[in-house]
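So the structure is just underneath, and the comments pick up after that.
The values are calculated or read from the model by the stated rules, or taken from the named source; none is laboratory data. It should be emphasised that the depicted structure is a prediction, and the values quoted were computed from it without experimental measurement. Neighbour counts run over all protein chains shown; Cβ positions are idealised from the backbone, glycine included. SASA here: full protein model, heavy atoms, side chains in, ligands and nucleic acids out. Shrake-Rupley method; radii C 1.70, N 1.55, O 1.52, S 1.80 Å.
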Amino acid sequence: TVSSKYKEVRSILVEQQQQQNESKAVEGTTKEWSLVTGASSGIGRSIAVQLARRNIPLVLVARDRRDDEGKSDLDQLAQDLRQCYGADIAILRADLSLPG
């Protein structure tokens with residue numbers, strides 16, 4: 001359901017924020033997380049790249065699409081953003097167009 005997807009996203013955000021707060025406590029700084037839907041392609045992917053370039057932690061949400069070799073678009077994007085920009089990334093595989 002939409003409610004359970006919301007709870008899952010919220011849980012990820014809370015967990016990631018707690019981890020970040022613990023790791024940044026020494027520096028005295030924390031960052032807000034951004035949620036990017038449709039992150040595996042198109043505009044969502046472009047937005048994710050731009051935010052990662054600005055060192056904004058991301059929760060990437062998309063359907064779990066895989067290529068012919070079984071690789072996930074979302075996993076590949078997360079890996080690329082971590083390697084290129086050192087971005088903090090959390091992944092949520094969900095099709096938000098489906099009811100319930």
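Count, please, the residues in the stretch 57-100 that happen to be among the acidic types (Asp, Glu), part of a loop (DSSP other than H, G, I, E, B) and open to solvent by less than 100 Å² (accessible area, probe 1.4 Å).
4
List pairs: first in the stretch 77-100 and free of Cβ contacts under 8 Å to residues at least 24 places away in the same chain, second among the hydrophobic types (A, V, I, L, M, F, W, C) and assigned to a loop (DSSP other than H, G, I, E, B), Cβ under 9 Å, 6+ apart or cross-chain?
Listed by first residue and then by second, the contacts come to ALA78/ALA39; ALA78/ALA87.
For residues in the stretch 1-42 being among the basic types (Lys, Arg) and either touching a Pro at 6+ places or on another chain (Cβ under 7 Å) or open to solvent by 90 Å² or more (accessible area, probe 1.4 Å) (or both), which is modelled with the lowest pLDDT?
LYS31
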